[in-house]
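Have a look at the structure below before the remarks.
The values are calculated or read from the model by the stated rules, or taken from the named source; none is laboratory data. Note that this is a predicted model, so its numbers are computed, not measured. Reconstructed Cβ throughout: ideal geometry from the backbone, glycine too, with neighbour counts over all protein chains shown. Ligands, DNA and RNA are excluded from the accessible area calculation, which covers all protein heavy atoms including side chains. Shrake-Rupley method; radii C 1.70, N 1.55, O 1.52, S 1.80 Å.
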Amino acid sequence: MSQTVIIQQPGSATCAVMSPTGDWSTGRYQCCADCATCCLGFFCPTLLACYVANKYGENCCLGITFGGMTALRTHMRLSYGIQGTVCNDVLAMCFCGPCEVCRMAREMNIRSPH
């Protein structure tokens, strides 16, 4: 009896620009890099989270589910070749969630501006 090994999960494959340094393009607190995103993240972080999830190709409701943005941050980090751990993703989203969502939005705009 042979078993089939799945090497690629179903879903939409997006073309991502890998990080040459293994780091995020901007820092967590570099909100002045995109003031409009920063204002949206400060005054209505849930709306920005839904926008980021939708723009990344996920259902916009991911932005309001428990742990949804942490999962999205982990996937984004792995897709873009950014170093880190799941533990760091969880801590960043728990303690600096709105700033991280702003950084995720900036990262998407830098890597795929269309």
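Quick check on region 57-75. Is at least one of its residues at positive phi and assigned to a loop (DSSP other than H, G, I, E, B)?
Going residue by residue through region 57-75, those that are at positive phi are 57, 67.
Subsequent filtering for residues that are assigned to a loop (DSSP other than H, G, I, E, B) retains 57, 67.
For region 57-75, residues at positive phi and assigned to a loop (DSSP other than H, G, I, E, B): present.
I'm trying to understand the selection: among the residues of region 69-88, which are within 10 Å of the chain's Cα centre (by Cα) and open to solvent by less than 70 Å² (accessible area, probe 1.4 Å)?
Scanning region 69-88 gives Met69, Thr70, Ala71, Leu72, Arg73, Thr74, Met76, Arg77, Ser79, Tyr80.
Give me the pairs: first residue in region 88-106 and part of a helix (DSSP H, G or I), second residue acidic (Asp, Glu), beta-carbon distance under 6 Å, and six or more apart or on different chains, which are they?
As it stands, the answer is Ala92/Glu100; Met93/Glu100; Arg106/Asp34, since those pairs meet every condition given.
One residue is enough: does region 23-39 have a residue meeting the conditions open to solvent by 70 Å² or more (accessible area, probe 1.4 Å) and among the acidic types (Asp, Glu)?
There is at least one residue in region 23-39 that is open to solvent by 70 Å² or more (accessible area, probe 1.4 Å) and among the acidic types (Asp, Glu).
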